[in-house]
1. Of G41, G59, which residue is of a type in the set (G, A, S) and within 21 Å of the chain's Cα centre (by Cα)?
2. Please verify whether segment 7-23 includes one or more residues that are acidic (D, E), modelled with pLDDT under 75 and either loosely packed, with under 12 Cβ neighbours inside 10 Å or over 16 Å from the mean Cα position of the chain (by Cα) (or both).
3. Taking only segment 68-105 into account, find how many residues are assigned to a helix (DSSP H, G or I), exposed (fewer than 15 other Cβ atoms within 10 Å of the Cβ) and of a type in the set (V, I, T).
4. Just checking, does segment 47-67 include any residue being of a type in the set (V, I, T) and assigned to a helix (DSSP H, G or I)?
Amino acid sequence: MKVNSYGMDMVNAVKLNQNVEKDIKGSEDKDLMDSCVKLEGEFMKIMLKEMKKTIPDSGFMPKSAGHDIMDDMYYETIGEDAAQNSSIGLAKMIYDQFTRNRTDKE
């Protein structure tokens, strides 16, 4: 069975996401991880919007407010999906940074 590189990336993302879930203890940690995932999603959205600005406008589709809104919605969705799938792992890095020096009372 052939698996393309995108399929393997998704498999690796799912495995990373499962490992992250195992590391999270308690509702406070889950809330922190949720916030980290949201931050990664916002970062991805901003990055995609800035990348779009580098592409020259061909004039094929006329610019309109509706077009801009659809672009924003598209980038927001892509950013959220990428963050949920741990595509770049930024949320995990932020989470690790926040919890690195914390001492748990267990």
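1. None of the other options fit; the residue is G41.
2. yes
3. Count: 2.
4. No: segment 47-67 contains no residue that is of a type in the set (V, I, T) and assigned to a helix (DSSP H, G or I).
The values are calculated or read from the model by the stated rules, or taken from the named source; none is laboratory data. Keep in mind that this is a model prediction, so the values were computed, not measured. All Cβ positions, even for glycine, are placed from backbone atoms using ideal geometry, and neighbour counts span all protein chains on display.
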